[in-house]
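The values are calculated or read from the model by the stated rules, or taken from the named source; none is laboratory data. What you see is a predicted model, and the numbers here were worked out from it, not measured in a lab. As a convention, Cβ positions derive from the backbone with ideal geometry for all residues, glycine included, and neighbour counts pool all protein chains shown.
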Amino acid sequence: LTTAKRVLHDVGIYSHVDAKKPFISEKHLLDHISWCKKYKENTVYDWARVIFSDESSVEIGKQSRQLRV
């Protein structure tokens, strides 16, 4: 650890990597609201028949800078 970081740790101050948050455009926001309104009356039975999947992207070969806060 660097001297500054060590001193901060000694007094209980730590940094962490900031969480990345996906950008949501105005169109995506309106699409989300529309989807919610369309399915707001679904019952527990209706939702039990739904398969949810997560979408994510992976970048290979790029170095991402981590922002520490």
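Considering the stretch 22-44 alone, what residues qualify as being surrounded by fewer than 10 Cβ atoms within 10 Å (Cβ to Cβ) and of a type in the set (D, E, K, R)? Correct list: E26, K27, K37, K38, K40, E41.
Only one of the listed residues (V58, V69, V11) is aliphatic (A, V, I, L, M), modelled with pLDDT of 85 or more and out of contact with any Phe, Trp or Tyr (no Cβ under 7 Å at 6 or more places or on another chain). That residue is V11.
If you go through the stretch 18-55 and keep only what is of a type in the set (D, E) and modelled with pLDDT under 90, you end up with D18, E26, D54, E55. Among the residues of the stretch 1-44, which ones are part of a loop (DSSP other than H, G, I, E, B) and among the aromatic types (F, W, Y)? Answer for the stretch 1-44, where residues must be part of a loop (DSSP other than H, G, I, E, B) and among the aromatic types (F, W, Y): Y14, F23.
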